[in-house]
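Below you'll find the structure, written out as structure tokens, and then a few comments.
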Amino acid sequence: MGTRSSPLAMAQARQVRRLLAAVDPEVPTAIVPITTSGDRWRGGLAALGGKGAFVAELDRALARGEVDVCVHCVKDVPGDVPRPDGFTWAAYPPRADPRDCLLVPATSNARSLAGLPPGARVGTSAVRRRAQLGRHHPHLRTEDLRGNITGRIARLDAGAYDAVVLAYAGLRRVGLAHRAVEILPTDVMCPAVGAGVLGLECRYSDDGTVELLRRLDDAETRVHVTAERAMLGVLGGHCNSPIAGHATTAPDGRIGLFGAVFTRDGAAWVDAHAWARPEHARELGADVAARLLRAGARAVIDGIPH
């Protein structure tokens, strides 16, 4: 199993290995850590072409047969670049909590974004988070923050920031969920497309691996990811585009999809919401994207430097 070499990525690969052992204990597995250009680079991801910097080296290892499966965070897989020919998403295990959360220094008494004083420094590298922080909490000052989870928390505790916003699923996967002081509601911080989802990708022609991984696939998660990524694909947003998308399942079984596109500062945005049956997840994503485009999303996306 190929994976990024960060502590979070390794924890995710070990989770997948445990899932595989539960469905077939006889299958031997090994984790192959791969340090990607996105992991090595300490500047803005836009200079490397966006989040695709996290997946290119994994793709090459899979294409060359050096690994049999790649473990991806779906939110890190670009929506505006086609996946390589011959690859298939064989499984999406059950989705973890897709929400973001707030962390503060260990010595701080703050317990919410709203409780932070004007001018408080909030660290995040995600344009989606920065835009929504600007929309709902313009009294705060967002500052760039990259690196692995433990490194970000160390800088927070050292006083470089007054708070940071991270993915709650990632915190839980590395055993640091106790550091979250506020889980941000989706109407304040709409998640990234594919947030909380691990995607297991392999070569389409590798029948044995496809069959094995299919046993880990969660039907509801696949439907949600299909809708969200269909929306992202139609919008064609680039790495600097603050785009959010969140699919849910209603009690009657219908799938709801909320999508939003923001300016970089969050001062302007468009959003849309629609429902469909699970078998029409891809059409639902296209429908929400079309609604966003009719509301002016193209002008918002094209107005952001790429």
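Taking the criterion of being at pLDDT 95 or above, touching a Lys or Arg at 6+ places or on another chain (Cβ under 7 Å) and not in a helix (DSSP H, G or I), would at least one residue in the range 281-304 satisfy it?
Scanning the range 281-304 turns up no residue that is at pLDDT 95 or above, touching a Lys or Arg at 6+ places or on another chain (Cβ under 7 Å) and not in a helix (DSSP H, G or I).
Taking only the range 239-249 into account, find how many residues are out of contact with any Phe, Trp or Tyr (no Cβ under 6 Å at 6 or more places or on another chain), buried (at least 19 other Cβ atoms within 10 Å of the Cβ) and either in a loop (DSSP other than H, G, I, E, B) or assigned by TED's automatic domain parsing to the domain that holds G79 (or both).
Of the residues in that region, 2 qualify.
Condition test on R155, is it surrounded by fewer than 20 Cβ atoms within 10 Å (Cβ to Cβ) and either among the β-branched types (V, I, T) or free of Cβ contacts under 8 Å to residues at least 60 places away in the same chain (or both)?
Taking the combined requirement at face value, the residue satisfies it.
Please pick out the residue among L171, L133 that is among the hydrophobic types (A, V, I, L, M, F, W, C), under 25 Å from I243 (Cβ atoms) and touching a Ser or Thr at 6+ places or on another chain (Cβ under 6 Å).
It is L133.
Residue by residue through the range 1-34, note down the ones that are under 16 Å from G147 (Cα atoms), among the small types (G, A, S) and outside any helix (DSSP H, G or I).
Those that are under 16 Å from G147 (Cα atoms), among the small types (G, A, S) and outside any helix (DSSP H, G or I): S5, S6.
Please tell me if A169 is within 25 Å of R14 (Cα to Cα), assigned to a loop (DSSP other than H, G, I, E, B) and hydrophobic (A, V, I, L, M, F, W, C).
No: the conditions fail for A169.
Let me spell it out: the conditions are (1) within 26 Å of G233 (Cβ to Cβ); (2) touching a strand residue (DSSP E or B) at 6+ places or on another chain (Cβ under 8 Å), and L113 meets all of them except one. Which number is the exception?
(1) is the only condition that L113 fails.
Quick one: count up the residues across the range 106-127 that are within 17 Å of G147 (Cα to Cα) and buried (at least 19 other Cβ atoms within 10 Å of the Cβ).
5
Just checking, which of A11, A30, A90 is modelled with pLDDT of 95 or more and in contact with a strand residue (DSSP E or B) (Cβ under 8 Å, 6 or more places away or on another chain)?
A90
When the range 247-275 is examined, which residues are found to be of a type outside the set (D, E, K, R) and without any contact (Cβ under 8 Å) to a residue 24 or more places away in the chain?
P251, G256, A272, H273, A274 - these are the residues of the range 247-275 that are of a type outside the set (D, E, K, R) and without any contact (Cβ under 8 Å) to a residue 24 or more places away in the chain.
Restricting to the range 190-234, name every residue that is over 20 Å from the mean Cα position of the chain (by Cα) and either assigned by TED's automatic domain parsing to the domain that holds H273 or over 19 Å from P82 (Cβ atoms) (or both).
D206, D207, G208, T209, V210, E211, L212, L213, R214, R215 - these are the residues of the range 190-234 that are over 20 Å from the mean Cα position of the chain (by Cα) and either assigned by TED's automatic domain parsing to the domain that holds H273 or over 19 Å from P82 (Cβ atoms) (or both).
Have a look at L235, L213 and point out the one that is within 13 Å of V69 (Cβ to Cβ) and buried (at least 22 other Cβ atoms within 10 Å of the Cβ).
Residue meeting the stated conditions: L213.
Check whether at least one residue in the range 98-120 is of a type in the set (G, A, S) and touching a Ser or Thr at 6+ places or on another chain (Cβ under 8 Å), and report yes or no.
Checking the range 98-120: not a single residue is of a type in the set (G, A, S) and touching a Ser or Thr at 6+ places or on another chain (Cβ under 8 Å).
Which one of E228, E182, E201 is closer than 14 Å to W89 by Cβ, in contact (Cβ under 8 Å) with a residue 24 or more places away in the chain and part of a strand (DSSP E or B)?
Answer to the check: E201.
The values are calculated or read from the model by the stated rules, or taken from the named source; none is laboratory data. Source: prediction; values computed, not measured. Here the Cβ is made from the backbone with ideal geometry for all residues, glycine too, and neighbour counts use every protein chain on show.
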